[in-house]
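> After the structure tokens below, expect a handful of questions from me.
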Amino acid sequence: MPPTVHYLVSAAGIPNYGDDAISAGWLRHLARTAPDAEVVLDCVGPEQAATSLGGLHPRLRFTDVLWRLSRAPGGREPGEAAARAARAVQSAIPEPGGPGEELGALLEAGTIHVLGGGYLNGLCPPHLGLLAGVGAAVLRTGARAALTGVGLTPGFADDDIALNRALAPFAVVDVRDAPSARMLRRTDVTCTGDDLFLDLGDHLYRGGDLPEVMLCAQNVPLLDLMAKTVAEWRVPESALGLLECDPGDDRETFAEARRRWPGARAYSAASLAAEGMPAAPGQTWITSRFHPHLVAAAAGASGVAVEHGPAGYYSVKHRSLVEHGSAWLVTDGATVPRRPSAGGFPARRVEELQAGKRELAALIHGGR
């Protein structure tokens, strides 16, 4: 009997801290519960992901076939991207050397699992092809499909008709926030929060002496707000830490932050994967990025989350953590916020969120 194939889909390999950490968590789960299974990770950047995630499961392979199908030339409307990917999967003949060879693993999978993140929404309509491709495989092979921990806002231009159609073959549908749940026209949707809760633990953090105040910004106007804030809070430069999460998007802003505060400690995205997040109780954070909010708040740090960007994206993400128990202040960045001191998530709430994710993992993949 051939080994079970677990086919995972994620935005790993961009590289971006949150997407890679989510993928790592699910791979560690499968290494514990299904070490003999074949695992395939379909992701944005297979070569980059193999470098950072390659050792996390003993039988792990990487591909980007569904990502390439979803981003193939053609119409960018969600329904068009979905139909394009579905047709490719439906018609594929997975013979060695044939045009459908790369889809062989997808069509052999017993479980197909689309991992959480913020890449399935109206800001990136072609990515609906990922869900449609999975759904087409389910209809063709009888595999069991799951979607977990996703943020679906802002919605799609077609009033989410194509989204709901693409999700119809999925056996498990789980989201990370209430607005996403309201977009779905089915009664079995769960809302267990972001998938990073599955793998929270000491391995995500670095020890030792850490800065008193941590800053993570995605653009220069946000840096300007943070500069005014730490000045009003009278934080010395030597007490500051600077964080990069996405080398592609954050590189210039991170470099500017280092120029402004040369005496601050700087933590590159590469160092987060190698050494862990510099978060601990007693700190104060100011971040525009979502996953530093989650991880630092789970460590017990106080913080300010700054909304920015398209309506319904970062605002929903940060406020979902508050709804799940984070004591952080969420601000629109219009004024300098007061310095918070309420801490992050209560320890008991973190345990509850972890337990919910583990139950979901057992439902999808088996094991505990």
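> Identify the residue in the stretch 267-303 that is in a helix (DSSP H, G or I) and touching a His at 6+ places or on another chain (Cβ under 7 Å) and, among all such residues, is surrounded by the most Cβ atoms within 10 Å (Cβ to Cβ).
Here is the first cut: in the stretch 267-303, the ones in a helix (DSSP H, G or I) are 269-275, 290-299.
If we keep only those that are touching a His at 6+ places or on another chain (Cβ under 7 Å) as well, we get 290, 293.
Numbers: 290: 25, 293: 29.
Out of the qualifying residues, it is 293.
> Looking at the stretch 330-340, which of the residues that are touching a residue at least 40 places away in the same chain (Cβ under 8 Å) and of a type outside the set (Val, Ile, Thr) is nearest to residue 289 (Cα to Cα)?
333
> Those residues that are part of a strand (DSSP E or B) and not aromatic (Phe, Trp, Tyr), I need them from the stretch 204-260; list them, please. Talk me through it step by step, then tell me what you get.
In the first step, residues of the stretch 204-260 are kept if they are part of a strand (DSSP E or B); the result is 205, 213-216, 240-243.
Passing the criteria: 213, 214, 215, 216, 240, 241, 242, 243.
> Shifting gears a bit: Is it the case that the stretch 288-306 has a residue that's aromatic (Phe, Trp, Tyr) and over 20 Å from residue 193 (Cα atoms)?
Taking the stretch 288-306 first, the residues aromatic (Phe, Trp, Tyr) are 290.
Keeping just the survivors that are over 20 Å from residue 193 (Cα atoms) gives none.
No; the residues of the stretch 288-306 include none that is aromatic (Phe, Trp, Tyr) and over 20 Å from residue 193 (Cα atoms).
> Going by what's in this entry, would residue 192 be described as under 30 Å from residue 273 (Cβ atoms), among the polar types (S, T, N, Q) and in contact with a strand residue (DSSP E or B) (Cβ under 6 Å, 6 or more places away or on another chain)? Break it down stepwise before answering.
Values: under 30 Å from residue 273 (Cβ atoms): yes; among the polar types (S, T, N, Q): yes; in contact with a strand residue (DSSP E or B) (Cβ under 6 Å, 6 or more places away or on another chain): yes.
Yes; evaluated as a whole, the condition is true for this residue.
> Let me ask another. From the list 265, 260, 289, which residue is out of contact with any Pro (no Cβ under 9 Å at 6 or more places or on another chain) and either in the same structural domain as residue 147 (by TED's automatic domain parsing) or touching a residue at least 40 places away in the same chain (Cβ under 8 Å) (or both)? Full working, then the answer.
Values: 265 fails: out of contact with any Pro (no Cβ under 9 Å at 6 or more places or on another chain); 260 fails: either in the same structural domain as residue 147 (by TED's automatic domain parsing) or touching a residue at least 40 places away in the same chain (Cβ under 8 Å) (or both).
Answer to the check: 289.
> So, one more: Say we look at the stretch 122-161 and pick out the residues that are within 25 Å of residue 315 (Cα to Cα) and over 22 Å from the mean Cα position of the chain (by Cα); which of these is surrounded by the fewest Cβ atoms within 10 Å (Cβ to Cβ)?
159
> Would you pick out the residues in the stretch 179-190 that are surrounded by fewer than 17 Cβ atoms within 10 Å (Cβ to Cβ) and not in a loop (DSSP other than H, G, I, E, B)?
First, pick out the residues of the stretch 179-190 that are surrounded by fewer than 17 Cβ atoms within 10 Å (Cβ to Cβ): 181-182, 185-188, 190.
Answer for the stretch 179-190, where residues must be surrounded by fewer than 17 Cβ atoms within 10 Å (Cβ to Cβ) and not in a loop (DSSP other than H, G, I, E, B): 181, 182, 190.
> Let me ask something else about it. Identify, from the list 306, 316, 330, 336, the residue that is more than 27 Å from residue 113 (Cα to Cα), of a type in the set (A, V, I, L, M) and surrounded by 20 or more Cβ atoms within 10 Å (Cβ to Cβ). Steps first, answer last, please.
Details: 316 fails: more than 27 Å from residue 113 (Cα to Cα); 330 fails: surrounded by 20 or more Cβ atoms within 10 Å (Cβ to Cβ); 336 fails: surrounded by 20 or more Cβ atoms within 10 Å (Cβ to Cβ).
After applying the criteria, what remains is 306.
> Follow-up question, since we're still on this one. Return the total of residues in the stretch 193-206 being surrounded by fewer than 23 Cβ atoms within 10 Å (Cβ to Cβ) and touching a Gly at 6+ places or on another chain (Cβ under 8 Å).
Number satisfying all stated conditions: 5.
The values are calculated or read from the model by the stated rules, or taken from the named source; none is laboratory data. All values derive from a computational prediction rather than experimental measurement. Don't worry about glycine lacking a Cβ; one is built from the backbone with ideal geometry, like all the others, and counts go over all protein chains shown.
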